[in-house]
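All remarks here apply to the structure that follows.
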Amino acid sequence: FGSSVCHNEPAPLPKDAQAFPRGVWQFDTMQAPLEHRWSPYVDNGGTCLGVAGDDYAVLAADTRLSHGYSIHSRNCSKVTQLTDKCIIGSCGMKSDAITLHKNLKIRITMYEHKHRKQPSCIAIAQMLSTMLYHKRFFP
């Protein structure tokens, strides 16, 4: 009675419907927007463990370099010897660890030239603390 809709024609589909073969229709549901970001920082993981006693200290670290489920190397040390009595181990992003160890070695060499002796572990710890505090605002 006064309706202009013809009941022989199918109802119009929403705009987000997609046609598939054999008359199957799929409706997209609302999803949260995906944000894709590129970051130069990669967590290469790893484990370092230190144990100290009255007259000894032990530092152990794994040698696996990975990202997610990909293993890049199984022979990549996370430990670097700085002096005869001081070593350092770093996990996380490998390039940051390499740069940190290289800068520490350079500063230790400068210390040796200036003072004509190797720095103590306490002096190296203070040097490391100063270097890391200097970069505190860097992401």
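Below are the figures for this structure:
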{"quantity": "Amide H partners (placed H, <5 Å) of Met93, local residues excluded", "calculated": "Asn44"}
{"quantity": "Assigned charges on the beta-carbon of Lys, Arg, Asp, Glu; segment 48-135 dipole about Cα centre (debye)", "calculated": "380 debye"}
{"quantity": "Inter-centroid distance (Cα atoms) of segment 53-89 relative to segment 113-135, Å", "calculated": "20 Å"}
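A short reminder: the numbers here are calculations on the coordinates, not readings from a lab. Computed from a prediction, not measured in an experiment: that's the story for all the values here. Glycine also receives a Cβ, built like all others from the backbone with ideal geometry; neighbour counts cover every protein chain displayed.
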